[in-house]
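One structure below.
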Amino acid sequence: MRVIICKDYDEMSRKTAEIFAERIKAKPDIVLGLATGSTPEGLYAELVRINKAGEISFKQVRTFNLDEYVGVAPDHDQSYRYFMNEKLFDHVDIDKANTHVPNGKADDLAAECAGYEEKMKAAGGVDLQILGIGSNGHVGFAEPGSPKDGRTSLVDLTESTIKDNSRLFDSVDEVPKQALSMGIGTILDAKEIVLVASKESKADAIAAAVEGASSTDCPASFLQEHGNMTFVIDEAAASKLKSADSYEKA
Ligand code: GLP
């Protein structure tokens, strides 16, 4: 496990984009696992810039997003499909047919989840997965209590996640209560994982994820067991780490 502490959000985003650019150059048809949330926005902006500068191409890149709200149409401005189009896909040379986000409006949600896992498998699995982290330690929407071997499934959002995400909706009542999300087992199958975190509000979750015992109380703590795991975090998110001095500085 590698932990890289960056001065601030911009450095965190640049450092993470460097890792992504290197991997895309090394494998042009790479399978990326992608995440939503405000934290990876800087990474996506940097990837757009590098793509426009001609340094990397997404022409053959394939992507699978972690999760999607249930009951929210892809063209709804709070859907994760909409977010990905807005922040990345509409601005790079990617073939949208190669981009996958679970369909939260599917008639048969269980079949949608099983089919999503099959599609990932057929693509050869995720080579590089980006993750954010919830203030309660969730990754994707694998909430506290999620099993370590969990696969893509229909999940109930916790009260704290509904509250955290309500800032993006007109009111807390409009926040969906369920989502389709990769499970921890699905996420751990990725060949390489990078988790980004910024701001003091993530400091407790990062301390539990990086230095806490591996436990379903903090789903991100299971990432410690992955053989190719890097946490790229800013100083504020690192502020509750006991061994902060021993980690790499960007
Ligand atoms: C949502 C997403 C997660 C994301 C989290 C944190 O719950 N499902 O994938 O990591 O939000 O978002 P933010 O980066 O905005 O704090």
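Details
- Cross-chain or 6+ apart pairs with Cβ under 6 Å, segment 101-128 first and within 15 Å of K191 (Cα to Cα) and crowded, with 18+ Cβ neighbours inside 10 Å, then modelled with pLDDT of 95 or more and of a type in the set (K, R): D127/K191; L128/R23
- Residue that is surrounded by the fewest Cβ atoms within 10 Å (Cβ to Cβ), among those in segment 180-238 that are within 21 Å of G42 (Cα to Cα) and of a type in the set (D, E, K, R): E200
- From the list G71, G104, the lone residue that is touching a strand residue (DSSP E or B) at 6+ places or on another chain (Cβ under 7 Å) and either more than 23 Å from V48 (Cα to Cα) or among the β-branched types (V, I, T) (or both) is G104.
Quick grid of which residues meet (1) within 21 Å of A142 (Cα to Cα); (2) among the charged types (D, E, K, R):
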residue	(1), (2)
F89	no, no
P102	yes, no
K105	yes, yes
C113	yes, no
A122	no, no
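- Output for segment 220-250, where each listed residue is part of a helix (DSSP H, G or I) and either over 16 Å from N136 (Cα atoms) or touching an Asp or Glu at 6+ places or on another chain (Cβ under 7 Å) (or both): Q224, E225, A244, D245, S246
- Residue in segment 57-73 that is within 16 Å of the ligand (Cβ to nearest atom) and surrounded by fewer than 18 Cβ atoms within 10 Å (Cβ to Cβ) present: yes
- Only one entry in A207, A213 is in a loop (DSSP other than H, G, I, E, B) and either more than 15 Å from the ligand (Cβ to nearest atom) or not aliphatic (A, V, I, L, M) (or both), namely A213.
- Within segment 135-154, the set of residues being touching a helix residue (DSSP H, G or I) at 6+ places or on another chain (Cβ under 6 Å) and in contact (Cβ under 8 Å) with a residue 60 or more places away in the chain comprises S135, N136, G137, H138, V139, A142, S146, K148, L154.
- Of all residues in segment 24-40, those that are of a type in the set (V, I, T) have Cβ atoms under 7 Å from Cβ atoms of residues that are near the ligand (Cβ under 7 Å from one of its atoms), 6 or more apart or on another chain, in T39/G132.
- Output for segment 178-201, where each listed residue is under 14 Å from L154 (Cβ atoms) and within 14 Å of the chain's Cα centre (by Cα): L180, S181, M182, G183, T186
- Taken over segment 164-179, residues that are surrounded by 15 or more Cβ atoms within 10 Å (Cβ to Cβ) and either farther than 21 Å from L66 by Cβ or among the aromatic types (F, W, Y) (or both) amount to 0.
The values are calculated or read from the model by the stated rules, or taken from the named source; none is laboratory data. Everything numeric in this text was worked out from a predicted model, so none of it was measured. Positions of Cβ are generated from backbone atoms using ideal geometry, with glycine treated the same way; all protein chains shown enter the neighbour counts.
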